[in-house]
Amino acid sequence: SQSKQTMGFQAEVKQLLQLMIHSLYSNKEIVLRELISNASDAADKLRFEAISNDSLYENDSELKIRVSFDKDARTLTIADNGIGMRREEVINNIGTIAKSGTKEFFQNLTGDQAKDANLIGQFGVGFYSSFIIADKVTLITRRAGEAEAIKWESSGEGDFTIETTEKEGRGTEVILHLRENEDEFLNDWKLKTIVRKYSDHITLPIVMKKSEWKEGENGEGGQMVTTDEDETINTASALWARSKSDISEEEYNEFYKHVSHDFENPLAYTHSRVEGKQEYISLLYVPSKAPFDLYDRERRQGIKLYVKRVFIMEDAEKLMPQYLRFVRGVIDSADLPLNVSREILQDSRDVEAIKNGSVKKVLGLLEDIAENKPEEYARFWNEFGRVLKEGPGEDFANKDKIAGLLRFASTHADTEVQNVSLKAYIERMKPEQEAIYYITADTFAAAKNSPHLEIFRKKGIEVLLMSDKVDEWLLGSLTEFEGKKLQSIAKGDLDLGKLEDEADKEAQKQVEESAKDLVERVKAALGEAVKDVKVTHRLTDSPACLVAGEHDLSGNLARILKAAGQ
Ligand code: ADP
Ligand code: MG
């Protein structure tokens, strides 16, 4: 067996621990939630691995989580008989932060406790939250099927120790040596209340020893004593399989925090049972905050796949398209085989059908928020709008639906806030106006101050101001909405169509005649550098501007491609 080894925490872990202890103290009850959540995940993983290797159960297939305490030792213990961890797994999972988005997280910290508490929540609280109430944590774990057990211990400062040990049952035991003044966690009633409040939705039983009131001698000095009998504290049924009317808002919220590893309540959810060709249940959430790694290609996806209540896999990327990658939740299929692999998911028509149905649910949910709760929708847009803009390019079948959900800045309010829907734009169009006009630029200021806008401002025609990187890609696939063409005001000949009256046209002709000489001289001077020089009517104040050809890349896209090395 290997002797005791001391290892240092990653610098980031140290920083995170300090922040956590100070910023989350007022939420200390969540420690139990986090440890129970991990225990539940560990049971899910074991169940899944055991599908193809049931010797992993080691004659103990009744998966459960046990919460216990020892008043004299002042310890609180959360134990599971789930998958457990090998030595390297302990070191990697508990001693380091390997998460994507770590850098962004640390860059965003402000030093303001309330703000940082929110950031930590978004980043993920997890195992380290133990140190909010414990000044020493001992973790003893044995991986299913292995002989060697591992003991990890730390006081949450600079380092931890790791050594080989013995453990009869498989799984993980987390022992919290409580800080002074945390005696409330040594109270049977209090613990049961916390477990019911935060972890009722956990699918496997959470057990504690039953307590009984024991009368004292002559009916005096009675007290609560712990018996040897187990009692299940939670409902212990899959929340998503219960009927909607039996689930409270709070239960939906707590379940969300478990599946998403998020700290805040979700913005909205949709829960449905689909019957017919494909039978499945979906419970899908829209978070209220974007995670730090929303733009990280390596990040984990948000959907957990179950088959008949058995956990199959996390990050089932086949179940949600990229542009809805912020959606979290579970899908539980009644039809897929239990031994379904990522490869099978890849080209399964059943999975495709489940995905299509789920996407419709999410888009429907978003439409509902947009229509009925505009303020919530504004918050949603702020967090996830740029991701949703990837939609029309990725999901042709739902292009119109997605287009209806998009919001833009425009010359109507002339602010950077993206709150103009294409529908609202169309409602405000001039009677003679035929196209939806837009301009793209690197920044909002550049779009807003573009000389191309002059004639539109003069005539009072609204123009969408687009300055997100993703806008160019969006416009590549979104070319019209409700029969109205989307038209760049910076490309090709400006044809305002019926928006121009006869007098305008007459005046323009005269200007063109009188400027002929000038145009020839400019052409000669610029030579090969330009394709053409024309008299324009799009400007009212500026003397000249650059225009891309009708079929050329826009100036902005050309700049983006150049920056990307293409
Ligand atoms: P998260 O749950 O978001 O991954 P945590 O900090 O809660 O983050 O846990 C980190 C990792 O440690 C988990 O992903 C898991 O691999 C491992 N882990 C924690 N608790 C347990 C447990 N009880 N059994 C097995 N593995 C665990
Ligand atoms: Mg966790």
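The values are calculated or read from the model by the stated rules, or taken from the named source; none is laboratory data. Quantities reported herein were computed from a predicted structural model and do not represent experimental measurements. Backbone-built Cβ (ideal geometry, glycine too); neighbour counts: all protein chains shown.
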(request) Any residue in the range 409-434 that's under 16 Å from TRP381 (Cβ atoms): show its pairings with residues that are polar (S, T, N, Q) and in a loop (DSSP other than H, G, I, E, B) at Cβ separation under 6 Å, as long as the two are six or more apart or on different chains. (result) ALA409/GLN418
(request) Would you check if there is a residue in the range 510-518 being at pLDDT below 90 and within 43 Å of the chain's Cα centre (by Cα)? (result) no
(request) List the helices (runs of 4 or more DSSP H) that sit entirely inside the range 45-134 and contain at least 2 residues that are in contact (Cβ under 8 Å) with a residue 40 or more places away in the chain and more than 12 Å from ligand 1 (Cβ to nearest atom). (result) 102-108, 113-123, 130-133
(message) Tell me the residue from LYS373, LYS360, LYS389, LYS430 that is at pLDDT 95 or above and closer than 21 Å to LYS485 by Cα, please.
(response) LYS389
(message) LEU496 - would you say it is among the aliphatic types (A, V, I, L, M), at pLDDT 85 or above, in contact with a Lys or Arg (Cβ under 8 Å, 6 or more places away or on another chain) and under 22 Å from LYS448 (Cβ atoms)?
(response) no
(request) Hey, could you check the range 191-241 for residues that are out of contact with any Lys or Arg (no Cβ under 8 Å at 6 or more places or on another chain), of a type in the set (S, T, N, Q) and not in a strand (DSSP E or B) and say which is surrounded by the most Cβ atoms within 10 Å (Cβ to Cβ)? (result) THR235
(message) Among the residues that make up the range 68-75, is at least one of them more than 16 Å from ligand 2 (Cβ to nearest atom), more than 26 Å from VAL330 (Cα to Cα) and touching a helix residue (DSSP H, G or I) at 6+ places or on another chain (Cβ under 6 Å)?
(response) yes
(message) Going by what's in this entry, would LYS14 be described as among the basic types (Lys, Arg), part of a helix (DSSP H, G or I) and more than 13 Å from ligand 1 (Cβ to nearest atom)?
(response) yes
(message) Given the criterion surrounded by 15 or more Cβ atoms within 10 Å (Cβ to Cβ), among the small types (Gly, Ala, Ser) and within 16 Å of ligand 2 (Cβ to nearest atom), identify the matching residue among SER130, SER154.
(response) SER130
(message) Scan the range 305-314 and tell me whether some residue there is part of a loop (DSSP other than H, G, I, E, B), among the aromatic types (Phe, Trp, Tyr) and crowded, with 21+ Cβ neighbours inside 10 Å.
(response) no
(request) Run ILE402 past the list (1) at pLDDT below 95; (2) in contact with a Leu (Cβ under 7 Å, 6 or more places away or on another chain); (3) crowded, with 21+ Cβ neighbours inside 10 Å and report the number of the one that doesn't hold. (result) (1)
(message) Being touching a residue at least 40 places away in the same chain (Cβ under 8 Å) and of a type outside the set (Gly, Ala, Ser) is true for just one of LYS373, LYS361, LYS355. Which residue is that?
(response) LYS361
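Rundown of residues vs (1) within 15 Å of ligand 2 (Cβ to nearest atom); (2) touching a Phe, Trp or Tyr at 6+ places or on another chain (Cβ under 8 Å), yes/no style:
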site: PHE9; (1), (2): no, yes
site: SER23; (1), (2): no, no
site: ILE30; (1), (2): yes, yes
site: GLU34; (1), (2): yes, yes
site: SER40; (1), (2): yes, no
site: ARG47; (1), (2): no, yes
(request) Look through the range 87-127, keep the residues that are within 14 Å of ligand 2 (Cβ to nearest atom), among the β-branched types (Val, Ile, Thr) and farther than 19 Å from LYS28 by Cα, and return whichever of them is modelled with the lowest pLDDT. (result) ILE97
(request) Could you tell me which numbered condition GLU163 fails, if it satisfies all but one of (1) part of a strand (DSSP E or B); (2) buried (at least 19 other Cβ atoms within 10 Å of the Cβ); (3) more than 16 Å from ligand 2 (Cβ to nearest atom)? (result) (2)
(request) Among the residues of the range 155-169, count how many are in contact (Cβ under 8 Å) with a residue 40 or more places away in the chain and under 33 Å from the mean Cα position of the chain (by Cα). (result) 5
(request) Would you mention how many residues in the range 263-287 are more than 22 Å from GLU375 (Cα to Cα) and touching a strand residue (DSSP E or B) at 6+ places or on another chain (Cβ under 8 Å)? (result) 10
(request) Sort out which residues of the range 137-155 are among the small types (Gly, Ala, Ser), assigned to a loop (DSSP other than H, G, I, E, B) and within 13 Å of ligand 1 (Cβ to nearest atom), and write them in order of number. (result) ALA144
(request) Kindly indicate whether any position in the range 289-303 is touching a strand residue (DSSP E or B) at 6+ places or on another chain (Cβ under 8 Å) and not in a loop (DSSP other than H, G, I, E, B). (result) yes
(message) Suppose we filter LYS423, LYS401 for residues that are in a helix (DSSP H, G or I) and under 29 Å from LYS318 (Cβ atoms); which single one remains?
(response) LYS401
